[in-house]
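The values are calculated or read from the model by the stated rules, or taken from the named source; none is laboratory data. Computed from a prediction, not measured in an experiment: that's the story for all the values here. Heads up, the Cβs are rebuilt from the backbone with ideal geometry, glycines too, and the neighbour counts pull from every protein chain shown.
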Amino acid sequence: MPSSLHQPRKRFGQHFLHDPRVLAHIIDEIDPKKDDFFVEIGPGEGVLTYRLLDKAGRLEVIEIDRDLAARLEKVKVHQADALEFDYSVFPKGVRLVGNLPYNISTPLLFHLARFADRVRDMHFMLQREVVERMVAKHSTPEYGRLSVALQARFAMKKLFNVGSGAFRPPPKVDSAVVRLEPLAKPLEVNEDLLRKAFSARRKTLRNALPGVDFAAAGIDGGLRPENLSPADYARLSMNSIL
């Protein structure tokens, strides 16, 4: 196991988890088994990697930093950008884990959502604010495009918060661990419609989304984008010419 001497790089948004209690809590929540295949995104110095390796049957990692990638031992390393990686190369039922770089967490989540049908579950450490947006209910301030896009594909649960002192260097924000499990029957939501709606979230739906037949979808066009559930957006998507 490599020593922890790597200098964190700002351009990669590196904050290395080091608190053994937090690591143990993450492992307990993931509950790895010998027949599980894991892929860890952003393993960093490997503190979670080697704990998983002790319990999982198979583990591969994706690391963009070539210096860190070179130091990781006993695992197959894909030196690549997680934002551009094709996760369909992994067999169905793969379990994804990781302390995701906060500077790319939102676009990375949108990217990973496209592979929902291939994964068994995902466990990620993220900025707490992002996790709260992911699991937010409609008609709340935190609810937005990310909430709808992920809730249309996953059942999600915020597991626990993590303070900044658990990392080196400490980030300026608190973190949280979240679990995502693909829905058996995901909802089909038009991504362009979703983007257009929430880019004008202060407008009414009929003003934000011209061209949508609200009556056919059974939706009140006088509502605002944050008032609709993921199921509502799925119905709208069926009646949109966007």
Worksheet item: Can you tell me which residue in the range 92-141 is nearest to L59 (Cα to Cα), limited to those that are in a helix (DSSP H, G or I) and of a type in the set (S, T, N, Q)?
Response: S105
Worksheet item: Can you tell me which of A200, A217, A176 is surrounded by 14 or more Cβ atoms within 10 Å (Cβ to Cβ) and at pLDDT 95 or above?
Response: A176
Worksheet item: How many of the residues in the range 45-83 are in contact (Cβ under 8 Å) with a residue 12 or more places away in the chain, assigned to a helix (DSSP H, G or I) and not polar (S, T, N, Q)?
Response: 9
Worksheet entry | Residues within the range 190-223 that are of a type in the set (K, R) and in contact with a Leu (Cβ under 7 Å, 6 or more places away or on another chain), tallied | 1
Item to complete: Please tell me if K158 is modelled with pLDDT of 95 or more, surrounded by fewer than 16 Cβ atoms within 10 Å (Cβ to Cβ) and not assigned by TED's automatic domain parsing to the domain that holds V22.
Response: no
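So that you can scan it fast, the table gives a plain yes or no per residue for (1) among the aliphatic types (A, V, I, L, M); (2) surrounded by 15 or more Cβ atoms within 10 Å (Cβ to Cβ); (3) in contact with a helix residue (DSSP H, G or I) (Cβ under 6 Å, 6 or more places away or on another chain); (4) in contact (Cβ under 8 Å) with a residue 40 or more places away in the chain:
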| residue | (1), (2), (3), (4) |
| --- | --- |
| Y87 | no, yes, no, yes |
| L96 | yes, yes, no, yes |
| N99 | no, yes, no, yes |
| L109 | yes, yes, no, yes |
| M125 | yes, yes, no, yes |
| K137 | no, no, no, no |
| P170 | no, no, yes, yes |
| A184 | yes, no, no, no |
Response to the item:
Looking across the range 33-46 at residues that are more than 19 Å from the chain's Cα centre (by Cα) and surrounded by fewer than 20 Cβ atoms within 10 Å (Cβ to Cβ), the single one that is nearest to D121 (Cα to Cα) is D36
Worksheet item: Across the range 189-242, what is the number of residues that are basic (K, R) and within 21 Å of the chain's Cα centre (by Cα)?
Response: 1
Practice prompt. Would you kindly identify the helices (runs of 4 or more DSSP H) lying entirely within the range 156-242 that contain at least 2 residues that are under 27 Å from A113 (Cα atoms) and among the small types (G, A, S)?
Written response: 230-238
